[in-house]
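Notes follow once the structure below has been shown.
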Amino acid sequence: FAFESDFFSALADMIKARKGGGRALPSQIICYCVAHQMMTNAVVTATSRFDNTWSKEKVFKKLETSGFLEQFLRCATAQAPQGVPSDVGELLLGLLDCPVFLSKTFKRCNPCGDVVTAIIDGTDGSRRIRPDIMKTFQSIASLRNALDPSGLSPMPSACASCNVGVGSKMMTCSGCNWTRYCCSECQKADWKNHRQWCKDYSKCFSSS
């Protein structure tokens, strides 16, 4: 009913009107209601339907079509009111379970893709974004950049550490089953950099 009555479209327009020509967000409590309560209710309620016809990806797509997903991303950067639990990080991580949707919708020059880029660049969203939320946005951007339009990325042909390709002798990370190395030394050398994305890559490619 909320989608049919254009509720989310109207809400998105309200937030955009507040933004105006700058980077202003609604009040902290409104951001919390948008990013936590309304988004959670939309995703949980729709994906818990008795007929199981609504996947998480379908919900995100409808929210994106209404313009609400873009504004949710902006509001997700605001701090939750003091003493109030926050689950926005969990909602953002849900996007990693939808690789095809993510690769198509979060491309540059698309509203959601441009918002993510702007947030990471510091030109949109709250100036006091939580480190854990920023890390999630960076993870989304990293996966977006790695995926091709089909939602799948071709197996890398070069070592992630030294960038040298050795054909069939390449080793594959057992954690994500995607990142490749020419030898165990290169894998160890790259672990500090790779470990922050390993689980995210694993989620993305296994769900594909």
**Prompt:** When all C-alpha to C-alpha distances in the stretch 67-150 are sorted into bins of 5 Å, what percent of pairs does each bin hold, rounded to whole numbers?
**Reply:** 3, 15, 29, 27, 16, 7, 3, 1, 0
**Asked** Any idea what diffusion coefficient the stretch 78-118 gets from Stokes-Einstein, in µm²/s, Kirkwood Rh on alpha carbon pairs, 25 °C, 0.890 mPa s?
**Response** 209 µm²/s
**Prompt:** If you plug each phi of the stretch 104-114 into the Karplus form 6.51 cos²θ - 1.76 cosθ + 1.60 with θ = phi - 60°, what whole-Hz ³J(HN,Hα) values come out, in order, with x for Gly and Pro?
**Reply:** 7, 8, 9, 5, 4, 6, 9, x, 5, x, 5
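From the cross-link list Lys61/Lys104; Lys56/Lys192; Lys62/Lys135; Lys107/Lys192; Lys107/Lys135; Lys62/Lys107, which pairs have alpha carbons spaced over 21 Å apart? Let's see the in-between values first.
Working: Lys61/Lys104 10 Å; Lys56/Lys192 32 Å; Lys62/Lys135 25 Å; Lys107/Lys192 27 Å; Lys107/Lys135 18 Å; Lys62/Lys107 17 Å.
Among Lys61/Lys104; Lys56/Lys192; Lys62/Lys135; Lys107/Lys192; Lys107/Lys135; Lys62/Lys107, the Cα-Cα distance tops 21 Å for Lys56/Lys192; Lys62/Lys135; Lys107/Lys192.
What ranking, highest mean first, results for peptides 181-193, 33-45 when packing means the other Cβ atoms within 10 Å averaged over each residue? Mind showing how you got there, number by number?
Working: 181-193: 14.9, 33-45: 17.8.
Put in order of decreasing packing, that is 33-45, 181-193.
A short reminder: the numbers here are calculations on the coordinates, not readings from a lab. Keep in mind the model is a prediction, meaning the values are calculated, not measured. Because the Cβ atoms are built from the backbone with ideal geometry, glycine has one as well, and the counts that use them run over all protein chains shown.
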